[in-house]
Amino acid sequence: FISKASKRNDHFVGSLKEMIHSGNISNAVAMCRNMNTPESAMIEQGITRIGQPVQEIRTAMDKSGANEITKLEKNLNVLNIIGRIAPMFGFIGTILGVIVIFYDISLAKTVEIDIISKGLYQKMVNSAGGLVVGVFAFICYHWLNARIDKLAHRMEDTQIKFLDMLNEPAK
């Protein structure tokens, strides 16, 4: 979803400039809809308000951009929660492994490696599992968040280029 949203068209604003300055607003709106990216959805809000004060265009684009970024961030919290909770589940498994160790010792009434090895195994597998899942989720969360931040900055740059283009005289 984020990869699709991040597809880039370096000629986007230039193509829009030609259409807008030639008065072909409907084609500019259609181009934005066909691209179907957060960037184009934001620009579409600006195009549909051409003729209004620049501040109103900017406000509409800001709101649209924020809405598009929110859509991209929608499920990121799941990764964040997994990254935070998985080590706790590993710790719970560790505690259960220790309980098994003490239970087995109480039954055998002796401390020998073969008696405690089952509990130690359970303890170590759970600790490692919780940490691996947590670290992986944490890395994915921050990597995806960085991609969304990069897209948000690009959207801001595109918005500035679009607003500057509106102020340029038609050729």
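For the chain, the membrane-span-like helices by this rule, meaning whole DSSP H stretches whose C-alpha atoms cover at least 30 Å of axis and whose Kyte-Doolittle mean is -1.0 or above, are 76-108, 113-167; this says nothing about an actual membrane. A simple charge model with +1 on the Cβ of Lys and Arg, -1 on the Cβ of Asp and Glu and nothing else charged puts the dipole of the stretch 23-78 at about 80 debye relative to its Cα centre. Taking 1.306 mPa s as the viscosity and 10 °C as the temperature, the Stokes-Einstein diffusion coefficient of the stretch 92-160 based on its alpha-carbon Kirkwood radius rounds to 105 µm²/s. A simple charge model with +1 on the Cβ of Lys and Arg, -1 on the Cβ of Asp and Glu and nothing else charged puts the dipole of the stretch 90-154 at about 400 debye relative to its Cα centre.
Computed over protein heavy atoms with a 1.4 Å probe, the carbon and sulfur contribution to the accessible area of the stretch 47-171 reaches 66%.
Pull up the cross-link candidates among the lysines for residue 118, meaning alpha carbon to alpha carbon under 22 Å and not fewer than 8 places away within one chain. Filter leaves 109. Straight-line cross-link reach from residue 150 at under 20 Å between alpha-carbon atoms covers these aspartates and glutamates, not counting any fewer than eight positions away in the same chain: 10, 39, 62, 68, 73. With the convex hull constructed from alpha-carbon coordinates only, the chain shows a mean projected area of 12.3 nm² over all directions. Working note: Cα atoms of the stretch 82-131, range along each principal axis, descending, whole Å: 40, 14, 8.
The values are calculated or read from the model by the stated rules, or taken from the named source; none is laboratory data. For clarity, every value in this text was computed on a predicted model and none was experimentally measured. As a convention, Cβ positions derive from the backbone with ideal geometry for all residues, glycine included, and neighbour counts pool all protein chains shown. Note: accessible area is taken over every heavy atom of the protein model, side chains too, but ligands, DNA and RNA are not part of it. Shrake-Rupley method; radii C 1.70, N 1.55, O 1.52, S 1.80 Å.
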